[in-house]
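Q: This is the structure I have questions about; it appears just below.
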Amino acid sequence: MDNKSSKFFSLYTSVHGRLLSYIMMMVHNQAASEDLLQETASIMWENFDQFQEGTNFSAWAISIARNKTLEYLRANRKTKKLFKSEFYEKLSYVAEDSSSDYSQRVKALDDCLKKLNKNDQKIIALRYKRNVPIKDISLQISRPMSTLYLHLSKILGLLRICILRSLSKQEL
Amino acid sequence: MNKQLYREIDNLILKVLENCISDQELSRLDDWFATDPHSMDYYCEFMKNYTALITKFSDEARMVHQMDQEEGVNTKLWQELAEEEKSSPTIEVSYPVQLPESSLIRNVQKDPTVRSINKFSLSLAITTIAALFVMIAYVYLSGPAPYEVATISDSINARWSSDLNIKPGVRLSSNTKPIQLTQGIVNLVTDDGVKIVLEAPAEFNFASYAEVGLNYGKLFAHVSEQGAGFSVSTPNSKVVDLGTEFGVISQIDGNTEVYMYEGRANLFARQNTKSTSMLLTAGSANKVDRINSNILQIPMQEDIVVRHIDSKTNFIWRGQSNISLADIVGGGNGFEGGKLNAGIDVATGKTISDLGTEAVMVGSAGYKAVGSHACIDGVFVPGLEEKMTPITSDGSIAVEFPKTAGNYWGYIFNGAFHQGENVPRHALQLNGVVYGTPENPAISIHSNQGITFDLANIRKTIPGMNITKFRSLVGISETVNSYATDTNAEFWVFLDGNKVYEATLSNTDEPVQLDIPISAKNRFLTLAVTEAGYAWGYDWALFGRPELTIGPTK
């Protein structure tokens, strides 16, 4: 593969996580996010000749992702449950700045997952590692889905606090 | 923001992500976004953490889910958790997290210091800096240091360019000169668990454990969840895997072909200043044109690259989904090598290459083991014994057939023809289709004959695969209608002596398509044809396209 191609893939790899984070903030749907990420990557590749070396690759990538996600939201306004349009317009810029600390969060998450108790780790693994839908878990153990949602959101809350503290230490 | 609100908002955002939020709950979030100045930051923070979580588990998240009792959550645990929900203690959280203010140090008074520079220290510093520059220059100019990335795990007839001594067990490194495989097939496994099969002639090298460059040759990759993101680069393209199986052919003339067998991948194509890309899905095949790097759709070919080898049995699997029992009867391995019209003499169990001078035979009782082919256990004439006819060489299984005259025509063979005193040799047909051809192989079993296949030995020839079905079209050739008006025969299929099919078919009946499941425990498959009603002549019975369906063991 030639030098320019190698450069693209090197740059893309460095922003991949941040791009996914941005797209997830915008469309709040994992499957749609993955598809939009691929489409964004394809557009970036096809237009890489227009990218000026030395300028901000991440910003360029996010500008393409912004257009793709807003296009997706417009196309799905009638069929999916979405927030108000004004929210996304503002979010599309707030999320760009917000996504810049993504890689530090990934590092913090690793340690924070280990601090969860064993049962909470199992629940997280069931839902996100083995991809067991909440409905199936609730049927298996005969508990209402509402209880599971509450517990899962509680675990996510614990992780949020732990990650915040970890990021605070990183900044000291 | 208080703890109760955190809990509520976290719960609502989670429901948005799980696509189960109600309209009322969505409005609640809309109101919160509109009224709370911190809401958008909080939402972004939640989503960033959530994305980090799913990204961490994203490879495993593609597995088909199943409740694993060893890793599942037991009911007692949930009861305890449910109780805990009711009485959970208050968690004090302050938001936003206040970063400690940095204290400014002002008005620092420093005494001026006169420093004398030690000559030795200076020369050491200069030498160290110079050495550092040399090291940096060396690393910059020589490229990344090579490191071990993959292991040769198996090979069949592999030969390499002259100065290489590569064999199973050898470790390959990244960033080496391209390696040439001049003959044969090799199996590699990367340190990320990606299984690669390369077929000569091929030239390749590894950029890392996650990327292989294929200058030319045929490559198959099976990428597990752990290795997702693995890529194959050719002179004009790059395939980036998303958890899949695919084949890549990099032709010496510069064209690249990609065959997607399972999963998805991204194909990036580039030539000079033009670049294109495409998301590839299972069942699709595409070609990157060498001149203009256009991506063109091409017909899928399931067997164009080798997908699995086993040097112990010289087994080479190209993705074929069937083993031909007709090929085995003809002396082949089920994929190739079986000779047309070759078969087994039920009188002796020996192989013969064509019809003998005496075609009409009087059968004798007793099972005849076939020693010449491990996949065929033996042959027999059914219905001659007093009660049960043995159908395996170890005598462990016998089945009951109706009493027969024991006469039969010819032999059991790979092909479909009949020839008799008043019948010129001609090809047999079912449903207007001529059998005994490469496209439509068949086993001819005139009544009263039977054959038992050894499935255990067949499995040994296809390591890593399992047998799931026996399929065949059965019937009496319609060509008999020119010679006889009323003929019928009884068709039998047994698995380990258990009858799984029995039917009397006549020359006027439509052929029947058999589709019989086979489990991993089944050892013997027996096919037999007996006369119906003591009339054994003109029973030109065929098993058309008799196949064992196979697939990789998951």
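Only the coordinates and a few stated rules stand behind these numbers; no lab work does. From a predicted model like this one, the values you see are computed outputs, not experimental measurements. Ideal geometry is used to build each Cβ from the backbone, glycine not excepted, and the neighbour counts take in all protein chains shown.
Q: Evaluate the charge dipole of the protein assembly as shown about its Cα centre and quote only its size in Debye, nearest 20, assuming +1 on the Cβ of each Lys and Arg and -1 on the Cβ of each Asp and Glu.
A: Values: 70 positive and 82 negative charges, 541 e Å.
In debye, rounded to 20, the protein assembly as shown gives about 2600.
Q: Another question, if that's okay. Please list, ordered by chain and number, the residues whose modelled amide H lies under 5 Å from the amide H of B:Ser173; skip anything fewer than 5 residues away on the same chain.
A: Residues meeting the criterion, in which the H sits 1.01 Å from N, are B:Val149.
Q: Once the other residues with Cβ under 13 Å from the Cβ of B:Phe315 are scored (Lys, Arg +1; Asp, Glu -1), what is the net sum? List each step's numbers first, then the result.
A: On the way: positive: B:Arg307, B:Lys312, B:Arg318, B:Arg459, B:Lys460; negative: B:Asp154, B:Asp310, B:Glu336.
Counting the neighbours of B:Phe315, the net charge comes to +2.
Q: Picking from A:Val132, A:Val27, A:Val106, which is most flexible by a Gaussian network model of chain A using Cα springs under 10 Å?
A: Highest fluctuation of the listed residues: A:Val132.
Q: Shifting gears a bit: Among A:Leu70, A:Leu139, A:Leu158, whose mean-square fluctuation peaks in a Gaussian network model of chain A (Cα, cutoff 10 Å)?
A: Fluctuation is largest for A:Leu139.
Q: Taking θ as phi - 60°, what are the ³J(HN,Hα) couplings along the stretch B:33-49 by the Karplus curve (6.51, -1.76, 1.60), each to the nearest whole Hz, with x for Gly and Pro?
A: 4, 6, 10, 9, x, 8, 5, 5, 4, 4, 4, 4, 5, 4, 5, 5, 5
Q: Of the cross-linked pairs A:Lys4/B:Lys177; A:Lys68/A:Lys135; A:Lys7/A:Lys169, which ones have a Cα-Cα span greater than 28 Å in the structure shown?
A: Pairs exceeding the cut-off: A:Lys68/A:Lys135; A:Lys7/A:Lys169.
Q: Can you list residues from other chains, or at least 5 along the same chain, whose modelled amide H is less than 5 Å from the amide H of B:His418?
A: Amide H to amide H, under 5 Å and 5 or more residues apart or across chains, B:His418 pairs with B:His426, B:Leu428.
Q: Okay, moving on. Is there a pair in A:Lys114/A:Lys154; A:Lys154/B:Lys48; B:Lys350/B:Lys387 whose C-alpha atoms are over 18 Å apart, and which pairs would that be? Intermediate results must be reported in sequence, preceding the final value.
A: Values: A:Lys114/A:Lys154 16 Å; A:Lys154/B:Lys48 16 Å; B:Lys350/B:Lys387 26 Å.
The pairs that break the limit, which is 18 Å between Cα atoms, are B:Lys350/B:Lys387.
Q: Could you list log10 I(q)/I(0) for the stretch B:485-554 at q = 0.13, 0.16, 0.28 Å⁻¹, which the Debye formula gives when each Cα is one point scatterer?
A: Ignoring solvent entirely, the Cα scatterers give -0.45, -0.63, -1.38.
Q: Ranked highest first by the average count of other Cβ atoms within 10 Å around their residues, in what order do B:194-200, B:521-527 fall?
A: On the way: B:194-200: 22.1, B:521-527: 20.4.
For the peptides B:194-200, B:521-527, the packing ranking is B:194-200, B:521-527.
Q: Using the count of nearby Cβ atoms within 10 Å as a rough guide to exposure, how do B:Thr281, B:Thr256, A:Thr55 rank from fewest to most?
A: Values: B:Thr281 13, B:Thr256 27, A:Thr55 8.
Ranked by crowding around the Cβ, least crowded first: A:Thr55, B:Thr281, B:Thr256.
Q: Whole-Hz Karplus ³J(HN,Hα) for the stretch B:359-376, in order, using 6.51 cos²θ - 1.76 cosθ + 1.60 and θ = phi - 60°, x for Gly and Pro?
A: So the Karplus estimates, Gly and Pro as x, are 9, 8, 10, 9, x, 10, 5, x, 7, 10, 5, 9, x, 7, 9, 5, 7, 10 Hz.
Q: So, one more: In debye, nearest 20: dipole of the stretch B:340-449 around its Cα centre with unit charges on the Cβ of K, R (+) and D, E (-)? Before the final figure, lay out each step's value.
A: Numbers: 5 positive and 10 negative charges, 13 e Å.
Approximately 60 debye in magnitude.
Q: Mean 1/r over all different Cα pairs, inverted: what Kirkwood radius does the stretch A:1-123 give, in Å? Can you show the working numbers first?
A: Values: mean 1/r = 0.0625 Å⁻¹.
Computed over the stretch A:1-123, the radius equals 16.0 Å.
Q: A follow-up question, please. Amide H to amide H, which residues 5 or more places from B:His308 or on other chains are under 5 Å from it, using H placed in the peptide plane?
A: Amide H neighbours of B:His308: B:Trp317.
Q: In sequence order, what are the phi-derived ³J(HN,Hα) couplings for the stretch B:183-196 according to the Karplus relation 6.51 cos²θ - 1.76 cosθ + 1.60 with θ = phi - 60°, rounded to whole Hz, with x for glycine and proline?
A: 8, x, 9, 10, 10, 10, 10, 7, 5, 9, x, 7, 9, 10
Q: Quick check on the exposure proxy: order B:Ile316, A:Ile62 from fewest to most C-beta atoms within 10 angstrom.
A: Values: B:Ile316 20, A:Ile62 25.
Arranged by neighbour count, lowest to highest, B:Ile316, A:Ile62 become B:Ile316, A:Ile62.
Q: Right, next: Roughly how large, in nm² to one decimal, is the mean projection of the convex hull of the alpha-carbon atoms in the protein assembly as shown?
A: Values: hull surface 189.5 nm².
For the protein assembly as shown, the mean projected area of the Cα convex hull comes to 47.4 nm².
Q: Per the helix-only calculation at 222 nm, which mean residue ellipticity applies to the protein assembly as shown, given -39500 (n - 2.57) for every DSSP H run of n ≥ 4 and division by its residues, nearest 500 deg cm²/dmol?
A: Numbers: 15 runs with 225 residues, N = 726.
My calculation for the protein assembly as shown gives -10000 deg cm²/dmol from helical runs alone.
Q: Further question on the same structure: How big is the charge dipole of the stretch B:209-311 about its Cα centre, in debye rounded to the nearest 20, if each Lys and Arg gets +1 on its Cβ and each Asp and Glu gets -1 on its Cβ?
A: Values: 8 positive and 11 negative charges, 93 e Å.
My answer is approximately 440 debye.
Q: Now for a different question. Can you tell me the alpha carbon radius of gyration of the stretch B:197-249 divided by the globular rule-of-thumb value 2.2 N^0.38 Å? The partial results should precede the final answer.
A: On the way: Rg = 10.2 Å, N = 53, 2.2 N^0.38 = 9.9 Å.
Relative to the 2.2 N^0.38 Å estimate, the stretch B:197-249 comes out at 1.03.
Q: Follow-up question, since we're still on this one. Put +1 on the Cβ of each Lys and Arg and -1 on the Cβ of each Asp and Glu in the protein assembly as shown; which of B:Leu279, A:Ala61, B:Tyr408 then has its Cα farthest toward the positive end of the dipole?
A: Result: A:Ala61.
Q: Among residues other than B:Pro37 whose Cβ falls under 14 Å from its Cβ, what is the net charge (Lys/Arg +1, Asp/Glu -1)?
A: Working: positive: A:Lys90; negative: B:Asp31, B:Asp36, B:Asp41.
Around B:Pro37, the surrounding residues sum to -2.
Q: Alpha carbon centre of the stretch B:321-359 versus the stretch A:12-72: separation in Å?
A: Centre-to-centre distance over Cα atoms comes out at 61 Å.
Q: Over the stretch B:418-464, how many percent of alpha carbon pairs lie in each 5 Å bin up to the one with the longest distance?
A: 5, 14, 16, 17, 20, 12, 10, 5, 2, 1
Q: A further question follows. Where Lys and Arg each count +1 and Asp and Glu each count -1, what net charge lies around B:Gly334 among other residues with Cβ under 10 Å from its Cβ? Present the calculation step by step, with values, prior to reporting the outcome.
A: On the way: positive: none; negative: B:Asp327, B:Glu336, B:Glu547.
Net local charge, B:Gly334 excluded: -3.
Q: What is the Cα coordinate range of the stretch B:279-334 on the first, second and third principal axes, sorted by size from largest, in whole angstrom?
A: Here the spans come out as 49, 23, 21 Å, largest first.
Q: If we count other beta carbons within 10 Å of each Cβ, what is the order of A:Tyr22, A:Tyr93, fewest first?
A: On the way: A:Tyr22 33, A:Tyr93 11.
So the residues, fewest neighbours to most, are A:Tyr93, A:Tyr22.
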